[in-house]
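Chemist: Right, I'll just put the structure down here and ask away after.
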Amino acid sequence: MSAELVSALLEGNRRALAKAISLVEKQDDSAHEILAALFPHTGDAWIVGVTGAPGTGKSSLVNALVKCYRKRDKTVAVLAVDPTSPYTGGAILGDRIRMQDLYGDRGVFIRSMATRGHLGGLALQTTDAVHVLDAAGYDVILVETVGAGQSEVDIVRTAYTTLVVEAPGLGDDVQAIKAGILEIADVLVVNKADRPGAQNTRRALKAMLELGHPKPVAHHGRLEQTPTTGVDTAAWIPPVIDTIATEGRGIEALLTAITEHERYLRDTGGVVKLNRERIRQDLYGRLRSTLLRRLLADVTDLEVEVVINRVFMREIDPHQAVEDLLTMQRDGISP
Ligand SMILES: Nc1nc2c(ncn2[C@@H]2O[C@H](COP(=O)(O)OP(=O)(O)OP(=O)(O)O)[C@@H](O)[C@H]2O)c(=O)[nH]1
Ligand SMILES: [Mg+2]
């Protein structure tokens, strides 16, 4: 069953792809098997995260970017992830309507995911869904998520290039500064450049960037290299790109910025570093939960409660509590 699904998916069957993502989304038992079979086929897609405050125009931008990529003969998958909605709700329905002119193009695949009550599991679901899309052979995967705090930071961590989208008229401050998501930006987008206040948004972002990069901010994302430093030490300075997503303006420049960032990461070996680091974090996360699960299977609830009580009574400190539990697990007796 899963073997058939996997081979159909690898042959470009869209229904198999949709099915595989549903299984991954549910974190179904067969999902593990499918992911294991698909994993050797991953690693070729360029993954772009698109985040920003609600209503800044992320979906409109994604729509415009897809068209631009298609003109360059790239196939594109879009994953719209909404960490704020427990179900596939209104916002995503809106996206469907905004992106409906893309349906019917076989070089484009669009999918939305919501939390469905999997607390904290969305980052994992997203990572797995991206793996599935990667294995399906899409050149570019765009992951859109609304700026809602830590969850979207975790979600965009899947990406190689992260776009943070700002728009004028959403309040006094630049939204990304408030949410603290500026640090994750590889490219900053000032969308709704047709609206009043766009210049102010742009200026605020540039000022923030200059604080983060003491050297004068250079032009669009060029590498700032001093003659004595090699390419390894060159820092990427996020370019600030103006767009009017609804009119498709500024999109070519945005795509160029994404491509330059890709080239930068490839030339400096950053892709390798990012990949290895991601594998490490993922491994540590899985190890933590597996080791904890095993430990808790080897000691009884009562034993854990006794240890908690001893810490509570200040008889032992938390570090000793860990040692005691590990000793119990190893020897099968209380120390
Ligand atoms: N004037 C103007 N309006 C825009 C522009 N881009 C998007 N909009 C409008 O802004 C509204 C929100 O656009 P979306 O693309 O849904 O924004 P979003 O960031 O995806 O929204 P959420 O997913 O709900 O967070 C829509 O009514 C768009 O038509 C732009 O460049 N200029
Ligand atoms: Mg949207």
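Laboratory data are not the source of any read-out in this text; all were calculated from the coordinates shown. All values reported here derive from a predicted model rather than from experimental measurement. Cβ: placed from backbone, ideal geometry, glycine included. Neighbour counts: every protein chain shown.
Chemist: Points 7 angstrom from Cα along the Cβ direction at residue 300 and residue 235: gap in nanometres?
Modeler: So the label points at residue 300 and residue 235 sit 5.8 nm apart.
Chemist: Using θ = phi - 60° and the Karplus form 6.51 cos²θ - 1.76 cosθ + 1.60, what ³J(HN,Hα) does each residue of region 25-39 get, whole Hz, x for Gly and Pro?
Modeler: Residue by residue, region 25-39 yields 5, 7, 6, 4, 4, 5, 4, 4, 4, 5, 4, 4, 6, 7, 3 Hz.
Chemist: Using θ = phi - 60° and the Karplus form 6.51 cos²θ - 1.76 cosθ + 1.60, what ³J(HN,Hα) does each residue of region 5-14 get, whole Hz, x for Gly and Pro?
Modeler: 4, 4, 5, 4, 4, 5, 8, x, 6, 6
Chemist: Here's another thing I want to ask about it. Can you list residues from other chains, or at least 5 along the same chain, whose modelled amide H is less than 5 Å from the amide H of residue 80?
Modeler: 111, 112, 113, 144
Chemist: A further question follows. If you filter region 271-316 for trypsin sites (Lys or Arg not before Pro), then keep DSSP loop positions with at most 14 other Cβ within 10 Å, what is left? Intermediate values should be presented prior to the final figure.
Modeler: Values: sites: 273, 276, 278, 280, 286, 288, 293, 294, 310, 314; in loops: 314.
In loop regions of region 271-316 (DSSP not H, G, I, E or B), the sparsely surrounded trypsin sites (Lys or Arg not before Pro) are 314.
Chemist: Which net charge results for the neighbourhood of residue 13, defined as the other residues with beta-carbon distances under 12 angstrom from its beta-carbon, given Lys and Arg at +1 and Asp and Glu at -1? Kindly include the intermediate steps, with their values, before the conclusion.
Modeler: Working: positive: 14, 15, 19, 106; negative: 4, 11.
With Lys, Arg at +1 and Asp, Glu at -1, the neighbours total +2.
Chemist: Under 17 Å Cα-Cα from residue 273, which aspartates and glutamates qualify once same-chain neighbours fewer than 8 residues away are excluded?
Modeler: Counting by Cα, and skipping residues close in sequence, residue 273 has these aspartates and glutamates nearby: 44, 186, 232, 262, 282.
Chemist: Here is a follow-up. In what order do 105, 29 fall by count of nearby beta-carbon atoms within 10 Å, going from fewest to most? Please list the in-between numbers first.
Modeler: Numbers: 105 14, 29 9.
With the fewest neighbours first, 105, 29 line up as 29, 105.
Chemist: In nm, to one decimal, how far is the residue 292 label point from the residue 41 one, both placed 7 Å along Cα→Cβ?
Modeler: About 3.4 nm separates the two model spin labels.
Chemist: Using a Förster distance of 41 angstrom, determine the FRET efficiency expected from the C-beta separation of residue 327 and residue 13, and round it to 0.05. Before the final figure, lay out the partial values.
Modeler: Working: r = 53 Å, r/R0 = 1.29.
Computed FRET efficiency for residue 327 and residue 13: 0.20.
Chemist: Follow-up question, since we're still on this one. Can you order the peptides 201-211, 240-250 by their average number of other Cβ atoms within 10 Å per residue, highest first?
Modeler: Working: 201-211: 16.5, 240-250: 19.5.
In descending order of packing, they fall as 240-250, 201-211.
Chemist: Between residue 277 and residue 316, with labels modelled 7 Å along Cα→Cβ, what's the label distance in nm to one decimal, could you check?
Modeler: 3.7 nm
Chemist: If we count every other residue with Cβ under 9 angstrom of residue 123's Cβ, Lys/Arg +1 and Asp/Glu -1, where does the sum land? Mind showing how you got there, number by number?
Modeler: Numbers: positive: 157; negative: 154.
Once positives and negatives cancel, what remains is 0.
Chemist: Counting other Cβ atoms within 10 Å, which trypsin sites (Lys or Arg not before Pro) in region 21-85 have at most 13 and lie in a DSSP loop? Could the numbers behind the result be given before it?
Modeler: Values: sites: 26, 58, 67, 70, 71, 72, 74; in loops: 72, 74.
Hits after loop and neighbour filter: 72.
Chemist: Around residue 141, which amide H atoms from residues at least 5 apart in sequence, or from another chain, sit under 5 Å from its own amide H, with H modelled in the peptide plane?
Modeler: HN-HN under 5 Å from residue 141: 46, 47, 48, 77.
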